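Reviewing the structure listed below.
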Amino acid sequence: MNDRTQNGVSVRLENVAFSYGEARFVFDAEFRAGAITAVMGASGSGKSTLLNLVAGFESPQAGRVRIGGEDVTALPASMRPVSMVFQENNLFAHLSVEANVGLGRSPSLRLAAQDRERVEAALARTGLAGKGKRLPRELSGGERQRVALARVLVRERPVLLLDEPFASLGPALRDDMLDLVARLQAERCMTVLFVTHQPDDARRIADHVVFIEGGKVAASGAAAGFFADDGPDVFRRYAGTNGRESRHVARKPT
Amino acid sequence: MTRPGAPADIRIFAGLAALAFIAVLVCGALAGLAVEGAGDLSGALSAFDPYLLRVARFTLWQAALSTLLSVLPALFLARALSRHPVFPGRGFILQLFAVPLALPAIVVALGVLALLGRAGFMADALGKLAGGTWPGIYGLSGILVAHVFFNLPLAARLFLEALQTVPSDQWRLASQLGMGARAGFRLIEWPALRQALPGVAGLVFMLCVTSFTIVLTLGGGPAASTLEVAIYQALRFDFDPARAVALTLLQIGLTVLVVSVLAWLGANTSGDANLQVAPPRRYLAAGGAETAINAGLIVLALAFVAGPMVAIVAAGLQADLGRLAGEAAVQRAAATSIVLAFVSAFISALLSLALVAARRALSSRRRGGRKRLFEHAVETGAGFVLVVPPIVIGAGWFLVLRHFGDLFAVAPAMVAAVNAVMAMPFAVRAVRPAYDAASERHDLLCAQLGVSGWNRFTLIDWPVLRRPLATAFAFAMALSLGDLGVIALFGSDSVQTLPYLLLARMGSYRTQDAAGLALLLGLVCLALVLAADRLGRERRT
């Protein structure tokens, strides 16, 4: 475990097949250990599905999910070495901030003194010191996501999945949160999969980018190369950085 | 959500258990009827005689008349109320219109008799008007008055709700174009009302076809008997099982027909108007003559609805309430009623929660594919009682159980079980939106954190669901407390509920006692429904 947290664990999807209604997905990808990978793609391309498969909220019809080399395909979500932060509904509205974080230590909320200390420390680390007794509705949107991150800290799982958790925050606040994620990741050497629509977000903290289209990984690579003018075609078409001139023409008033 | 390696979902087992309970209750009754019918086939067939056809015809006839007399005035009443969105007492009138639904039928029957009966408050005035002695209101006219008392306010509230869905832009436009009252009705109000009409009329018709207590207490004889009352009489008085079987089959056929027509019309069979007391602003001012007509309409309706209520209170206060409260029989009946209603409400809330949870579990497991039969069953399970009315279930079990020992000893179990199932359509509607919303928010998070089973119920679900569950509970309790259906079949001197005692006192012409009991029963039921309503409302804010 100690070894893991120092070097991180890799996440690997081996020909993982899944279908939802009409949509079919086949993912074959490896996510680098101890790095932040941005997962990008159009709405409905399968980004969230990919994260759900890693987290264990969905079970694949074929293929294997490996985390740190271990086959976790048959493990229930709560047994996987994974924490996930959603876009919303990360907190139970009727439980205090402390209790919400404490659930990460014990699902029956029976917390030992040591657990409480960890919760306290995690709240301080995420800038929520002194707000443990509050209810989620007394917090701002950004603070709520900080509570979710505090819970990630107390759970101490080596993989962190972020499903557009900051999409509803303003630009400045979003940058703060991204930087916090980057710091926490560096401290714990977590392997982070980060779904986002914003190339800026990815550029800010991601080491790698995986681009999903049509239910499979269409392109992947280091972030630096991805956003350059000679990045993958499929991504440039999506981001709208392809052929600036033609866009310019289209925008001309007619 | 399918979770690899997760233990099989307990919610689905709960749903299965709830369905099994309902199925045993309904199928046991149907099996009892089938065996009885098969055992005496010629008897059952020969029971389809002119009397039975007359009863069936009367059942439909009184329901049709009641519907017409409730729905038609309700259209104009709703329009009048919507034309005058602000006047003193408007909010009070709307709340008053919600009261009849909360009152037990036997209480209302008593109120109608206290007002319009031979010795009623209005008897003298009506006698002078008729030129002679007032014969009292019994038979068809009594049934109609009581049915209209229940359904006119209900229909008016539903129509008013329909009128309030008209966007205020349309009213602004109408006022800009200078539309008069007539044009406004034809072009704006009528289209909204017409859309609601089939559903409302269907609902009222359904309620009147299956009306038991009103017809039993106000029908006053074989000339004005419906199928449900005839079933009761065949079992309790004539003891003619063959006839009971024939009547029951006819009743089921009729309700299946009505429910399918209702489903086809898209009616909301639990009839509940989500009225905002503060209506949207209206831009069409009513003229002087119209205002006078509307005011007249509203006052008339108010008098009609308030009359029996006032009579219940006035007659009840004339009774010797102190003596009544001290009477051992009354105390015993009250205790029996409360215990049975409590058990019944508990079962109802539990069954509803199980069905709602199983439905949710199945629909999230299905992931956009087609529904399976089981999911359909879980979804509509609460509605079985609409097709197979309580009296029919009671009749079936009555026929089965008479072969096994003391029929009246099983009365408590029968009453609690049937009333629980009867309240389920309402209970499910109170619980389901809250459950689905909570599940939507919490399922993934709980799966991830490993919060499941008892932990999940106490930490996560109970705090969110206790209000809607309390609403369901209070409503089911009120319904069960005031019900005179199964207990009419199974009641005896040893097992009496308050409504049963009330019926007995009415039967032995101890009218004052009956009035006193009715007042008590009415107040308790009203308090419970108000509590249910309040619990449900606060959750939403």
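The values are calculated or read from the model by the stated rules, or taken from the named source; none is laboratory data. As the structure is a computational prediction, the values presented were derived from the model and not from experiment. In this analysis, Cβ positions are derived from the backbone assuming ideal geometry, glycine residues included, and neighbour counts consider all displayed protein chains.
Okay, here's what the table says:
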{"quantity": "Qualifying positions in region B:284-303 - under 22 Å from residue B:147 (Cβ atoms) and either surrounded by fewer than 16 Cβ atoms within 10 Å (Cβ to Cβ) or modelled with pLDDT under 90 (or both)", "calculated": "B:299, B:300, B:303"}
{"quantity": "Of all residues in region B:446-463 being facing another protein chain (nearest Cβ under 7 Å), in a helix (DSSP H, G or I) and out of contact with any strand residue (DSSP E or B) (no Cβ under 8 Å at 6 or more places or on another chain), the one that is farthest from residue A:101 (Cα to Cα)", "calculated": "B:463"}
{"quantity": "Residues located in region A:74-128, provided they are within 13 Å of chain B (Cβ to nearest Cβ) and charged (D, E, K, R)", "calculated": "A:80, A:88, A:105, A:110"}
{"quantity": "Test for residue B:489: is it at pLDDT 90 or above and either over 19 Å from residue B:15 (Cβ atoms) or more than 14 Å from chain A (Cβ to nearest Cβ) (or both)", "calculated": "no"}
{"quantity": "Some residue of region A:192-203 being hydroxyl-bearing (Ser, Thr, Tyr) and either surrounded by fewer than 19 Cβ atoms within 10 Å (Cβ to Cβ) or in a strand (DSSP E or B) (or both)", "calculated": "no"}
{"quantity": "Some residue of region B:465-472 being in a loop (DSSP other than H, G, I, E, B) and either facing chain A (nearest Cβ under 9 Å) or surrounded by 21 or more Cβ atoms within 10 Å (Cβ to Cβ) (or both)", "calculated": "no"}
{"quantity": "First in region B:339-351 and without any contact (Cβ under 8 Å) to a residue 60 or more places away in the chain and within 9 Å of residue B:477 (Cα to Cα), second anywhere and assigned to a helix (DSSP H, G or I) and among the hydrophobic types (A, V, I, L, M, F, W, C), Cβ under 8 Å, 6 or more apart", "calculated": "none"}
{"quantity": "Single residue of region A:63-73 satisfying the filter (part of a strand (DSSP E or B) and within 13 Å of chain B (Cβ to nearest Cβ)) that is farthest from residue A:7 (Cα to Cα)", "calculated": "A:63"}
{"quantity": "Subset of region A:68-110 [under 17 Å from residue A:155 (Cα atoms) and among the acidic types (Asp, Glu)]", "calculated": "A:98"}
{"quantity": "Flag if residue B:14 is assigned to a helix (DSSP H, G or I), of a type in the set (Gly, Ala, Ser) and either surrounded by 13 or more Cβ atoms within 10 Å (Cβ to Cβ) or under 24 Å from the mean Cα position of the chain (by Cα) (or both)", "calculated": "yes"}
{"quantity": "Qualifying residue in region B:119-129 (condition: assigned to a helix (DSSP H, G or I), among the charged types (D, E, K, R), crowded, with 21+ Cβ neighbours inside 10 Å and out of contact with any strand residue (DSSP E or B) (no Cβ under 9 Å at 6 or more places or on another chain))", "calculated": "no"}
{"quantity": "Condition check for residue B:450: small (Gly, Ala, Ser) and farther than 21 Å from residue A:136 by Cβ", "calculated": "no"}
{"quantity": "Output for region A:20-60, where each listed residue is hydroxyl-bearing (Ser, Thr, Tyr), within 24 Å of residue A:184 (Cα to Cα) and away from every other protein chain (no Cβ under 12 Å)", "calculated": "A:37"}
{"quantity": "Filtered residues of region A:204-225 (kept if over 15 Å from the mean Cα position of the chain (by Cα), over 30 Å from residue A:21 (Cβ atoms) and of a type outside the set (A, V, I, L, M))", "calculated": "A:221, A:225"}
